[in-house]
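Enquirer: There's a structure below that I have some questions on.
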Amino acid sequence: MSSQEALYRAKGLVKTIATEFWEEPSTADLHETFCRTHKGTNLSVGAKALCKHFARKEFVMKKHPFWLDPRGSEVQKSEDARRQLDDMLRRTVWRNIHRLNKHVVVYEIRNELGYGMRWNMTPGLEFRGFLEAHQRS
């Protein structure tokens, strides 16, 4: 194991086949990028992503097993999304910085149920979206 990998693992991050040994973003930076106002709206970037997540047809008519349905004003949706971020950060059991493809590196966190959130790290830190739990085959 390289010293770079040892330091990465010592911080509690998980190594996978696509892991990149980059510096982990701070909680403050995760909050800032999630709560940043989405252009042209009063929604936060995180709330916009949550609304898009729920717009997928499989969640339209039924209750989601984990994520809370965004409702109310844009300000209320943003506040509800921020609370879900805070809950996820408190309950994170899995953290990894990994490559999605040749050009995209992401920071991903997941809870004990497998639900998570993801931030792009290239070219700069930017909230990317909500993640479903992995499906068991």
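Enquirer: If you take all C-alpha pairs in segment 3-131, what percent of them are over 27 Å apart? Kindly include the intermediate steps, with their values, before the conclusion.
Expert: Details: 1644 of 8256 pairs.
Cα-Cα pairs in segment 3-131 separated by more than 27 Å: 20 percent.
Enquirer: Starting at the first residue of segment 11-16, write each ³J(HN,Hα) from the Karplus equation 6.51 cos²θ - 1.76 cosθ + 1.60 with θ = phi - 60°, in whole Hz, x for Gly and Pro.
Expert: In residue order, the calculated couplings are 7, x, 7, 9, 9, 10 Hz.
Enquirer: Looking at the chain, which longest stretch skips every one of the trypsin sites (Lys or Arg not before Pro) that is in a DSSP loop with at most 15 other Cβ atoms within 10 Å, leaving the sites themselves out?
Expert: Excluding the exposed sites themselves, the longest stretch runs over 103-135.
Enquirer: Hey, got the dipole for segment 1-125? About the Cα centre, +1 on K and R Cβ, -1 on D and E Cβ, debye to the nearest 20?
Expert: Value, rounded to 20: 440 debye.
Enquirer: Let me ask something else. Cα-based count: Lys pairs in segment 3-131 below 18 Å, eight or more positions apart or different chains?
Expert: For segment 3-131, qualifying lysine pairs total 10.
Enquirer: Mind checking segment 1-108 for GluC sites (Glu not before Pro) that DSSP puts in a loop (not H, G, I, E or B) and that have at most 13 other Cβ atoms within 10 Å?
Expert: In loop regions of segment 1-108 (DSSP not H, G, I, E or B), the sparsely surrounded GluC sites (Glu not before Pro) are Glu23.
Enquirer: Ok, one more. Could you derive backbone 3J(HN,Hα) for segment 112-119 from the dihedral phi with the Karplus parameters 6.51, -1.76 and 1.60 (θ = phi - 60°), listing whole Hz in sequence and x where the residue is Gly or Pro?
Expert: For segment 112-119, the Karplus curve yields 5, 8, x, 6, x, 9, 9, 10 Hz.
Enquirer: Whole-Hz ³J(HN,Hα) for each residue in segment 85-102, computed from phi via Karplus 6.51 cos²θ - 1.76 cosθ + 1.60 with θ = phi - 60°, x for glycine and proline: what do you get?
Expert: 4, 4, 5, 4, 5, 5, 9, 5, 10, 9, 9, 8, 10, 8, 8, 7, 7, 4
Enquirer: So what is the calculated 222 nm ellipticity per residue for the chain, using -39500 (n - 2.57) for each DSSP H run with n of 4 or more, over all residues, to the nearest 500 deg cm²/dmol?
Expert: It comes out at -10500 deg cm²/dmol, rounded to the nearest 500.
Enquirer: Take segment 85-132, drop everything but the C-alpha atoms, weight them equally and run the Debye formula without solvent; then report log10 I(q)/I(0) at 0.14, 0.18, 0.31 Å⁻¹ to two decimals.
Expert: -0.31, -0.51, -1.16
Enquirer: Towards the positive end of the charge dipole of segment 3-131, with charges on Cβ (+1 Lys, Arg; -1 Asp, Glu), say which of Phe21, Ser73, Trp119 has the farthest Cα.
Expert: Ser73
Just so you know, all these numbers are worked out from the coordinates, no wet-lab data involved. Predicted, not measured: the structure shown is a model, and the values here were computed from it. Methodologically, a virtual Cβ is constructed for each residue, glycine included, from the backbone with ideal geometry; neighbour enumeration extends over all protein chains shown.
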